[in-house]
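Here's the structure we're looking at; comments come further down.
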Amino acid sequence: MNPEIDKRPRLGPGCRLNDKSQPERMLLMPERALRLNGPSLAIIERCDGQHSVRQIISELQTLYPKANPQKVESDILDYLKRLEEQRALEFE
Amino acid sequence: MENKIPTPLVLVAEVTHRCPLHCVYCSNPLELTGRNGELSAEAWIDICQQAAAMGVLQADFTGGEPLARADLARLIRGAREAGLYASLITSGVPLDEGRLAELVAAGLDHLQLSFQGAREESAREFSGTRTHAQKRRVAEWAKRHRLALTLNFVIHRQNLDELEEMLALTDQIGPQRVEFAHVQYYGWAFQNRARLLPTREQVDRSVDTLTRAGERMRGRTRVEYVVPDYYAKYPKACMGGWGRKVMLVKPDGDVLPCHAANVLPGMAFENVRRRSLREIWENSDAFGRFRGGDWMQEPCRSCDRRTQDFGGCRCQALLLAQDAASTDPVCSLAPRRQLVDTILAEVNGVGRAGEASSWAYRPNPR
């Protein structure tokens with residue numbers, strides 16, 4: 001099931017971004033780390049318990065105007081779902 | 001194989017050997033460092049800064065029991081300020097909620113809590129202490145403080161039949177992760193192997209049970225397990241390869257590629273009191289010895305798997321085949337595999353080996 005569109009994701013316990021000063025941005029988690037590219041970093045930075053899923057989608061569509069908006073939406077929903085399964089995200 | 005020096009990712013900070021438990025499979029060396037030989041908090045903070053500058057992402061604070069150090073919160077704050085992800089690997093025994101709150105405030109990211117069994121009686125037999133109820137309290141506090149929690153069950157022949165109970169306990173606690181780690185046979189576990197090594201039937205059953213549990217708990221708790229490599233077809237990529245990902249600093253500042261490397265003869269380990277971590281990682285004889293593939297013998301040297309498992313574990317090659325540069329004898333392709341098969345035949349035979357022997361308990365150094 002896809003995350004509900006009006007819920008507000010935030011990073012789960014023990015999950016956080018590494019410091020901005022590091023050469024590569026990573027999502028640090030217990031016993032592992034995910035390397036983040038431009039779009040995935042933009043998504044994770046918005047998983048702050050303030051942005052709803054709907055807002056994240058709309059902001060990413062604005063950030064990447066050349067990408068197909070439907071594709072942006074479905075990619076984000078997939079990504080959030082995967083992170084939730086790994087307990088990297090919680091929805092409020 | 002590439003000969004470029006890899007970037008380390010993990011700093012294992014073995015901050016003390018002092019421990020209230022006496023586990024019969026402790027991964028510490030037989031010769032333990034006492035309190036007087038331990039590095040200062042300032043030295044550990046400096047080590048964290050050096051490690052972060054080299055590219056290390058995470059610091060695992062372990063021991064002994066790291067909580068035996070009164071200054072642990074300072075060390076964790078130092079790791080966080082250096083930019084590292086800070087994990088605490090603990091028995092949870094000398095802990096109360098106030099101290100846990102202090103560690104969380106210092107920046108602790110993740111707590112790994114070890115369990116010696118699913119029941120008070122068995123946990124007491126293997127650890128030589130009464131600790132089970134305390135661990136359940138620690139798990140509750142971790143949740144209350146929104147601290148990531150991993151449960152780590154050390155499993156072996158004497159407690160494998162409690163596996164379902166361990167899973168039930170995991171369900172009750174609901175951690176982010178659970179690890180079922182079969183004992184690996186070095187140090188104290190090697191001394192006690194005759195009573196710890198499981199039977200083949202137990203191993204097969206445990207893999208089955210844990211695979212099903214992993215599916216059942218998906219999305220709630222990640223289930224991970226480590227098989228006992230004596231039963232594996234190919235060896236484990238020990239430490240992700242010698243000097244490739246992990247560096248371990250002992251309580252006295254010696255820097256090792258793994259927990260057990262001090263059993264290897266003719267190997268001198270350098271100390272952070274005298275050389276920088278980077279120099280030790282890049283240029284020391286110990287880290288260079290088994291890095292890359294030039295040291296390998298056949299069949300490893302021409303094997304397709306040499307870049308996956310790196311020839312297995314050097315300490316195990318020494319302990320079993322008396323040659324640290326030989327193929328890990330647990331490998332089905334190893335010329336000395338017979339050594340492992342003989343041990344397994346004893347364990348799986350009628351009138352199992354070692355049932356009558358007694359435990360060698362790990363002492364607590366002063």
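All of the numbers you see were taken from the coordinates with simple rules; none came from a lab. This one's a predicted model, so the numbers in the text were calculated from it and none came from an experiment. We place every Cβ from the backbone using ideal geometry, glycine too, and count neighbours over all the protein chains shown.
A few comments on the model shown:
- Contact order relative to length of chain B, as percent, for alpha carbon pairs under 8 angstrom and 6 or more apart: 21 percent
- Förster-model FRET efficiency, 45 Å R0, B:GLU102 and B:GLU201, C-beta, rounded to 0.05: 0.45
- Förster radius 25 Å - calculated FRET efficiency between A:GLU24 and A:THR62, Cβ distance, rounded to 0.05: 0.50
- Residue-averaged 222 nm ellipticity for chain B, from DSSP H runs of 4+ at -39500 (n - 2.57), nearest 500: -10000 deg cm²/dmol
- Centroid-to-centroid, using Cα positions, the range B:117-154 and the range B:298-348 are 35 Å apart.
- Projected area, mean over directions - the protein assembly as shown, Cα convex hull, nm²: 22.7 nm²
- Phi to ³J(HN,Hα) by Karplus 6.51 cos²θ - 1.76 cosθ + 1.60 over the range B:8-24, Hz, x for Gly, Pro: x, 10, 10, 9, 8, 9, 8, 7, 7, 9, 5, 6, x, 8, 10, 4, 6
- Computed from backbone phi with θ = phi - 60° and the Karplus coefficients 6.51, -1.76 and 1.60, the 3J(HN,Hα) list for the range B:65-81 is 9, x, 5, 5, 8, 5, 9, 4, 4, 5, 5, 5, 4, x, 5, 5, 5 Hz; x is used for glycine and proline.
- Computed E for B:ALA168/B:ARG144 - FRET, C-beta separation, R0 30 angstrom, nearest 0.05: 0.85
- J(HN,Hα) series, the range B:298-303, from Karplus relation 6.51 cos²θ - 1.76 cosθ + 1.60, nearest Hz, glycine and proline x: 6, x, 4, 3, 10, 8
- Close amide H contacts of B:ILE155 (hydrogens built in the peptide plane, cut-off under 5 Å, sequence separation of 5 or more or a different chain): B:ALA181, B:HIS182, B:VAL183.
- Adding -39500 (n - 2.57) for every DSSP H run of four residues or longer, then dividing by how many residues chain A holds, sets the calculated 222 nm ellipticity at -12500 deg cm²/dmol.
- Descending semi-axes in whole angstrom, ellipsoid equivalent of the range B:211-360, from the Cα gyration tensor: 29, 21, 18
- Shielding by partners, peptide A:26-34 (average Cβ within 10 angstrom, other chains): 6
- By the Kirkwood approach, averaging reciprocal distances over each pair of separate Cα atoms, the range A:10-91 gets a hydrodynamic radius of 13.1 Å.
- Relative contact order of the range A:10-91: 32 percent, from C-alpha pairs under 8 Å at least 6 residues apart in sequence.
- The range A:46-79-the range B:17-81 distance, computed between alpha-carbon centres (Å): 42 Å
- Separation of the A:LEU17 and B:ASP71 label points, Cα + 7 Å toward Cβ, nm: 3.4 nm
- Legend: mean number of C-beta atoms from other chains within 10 angstrom of residue C-beta atoms, peptide A:9-19, equals 4.
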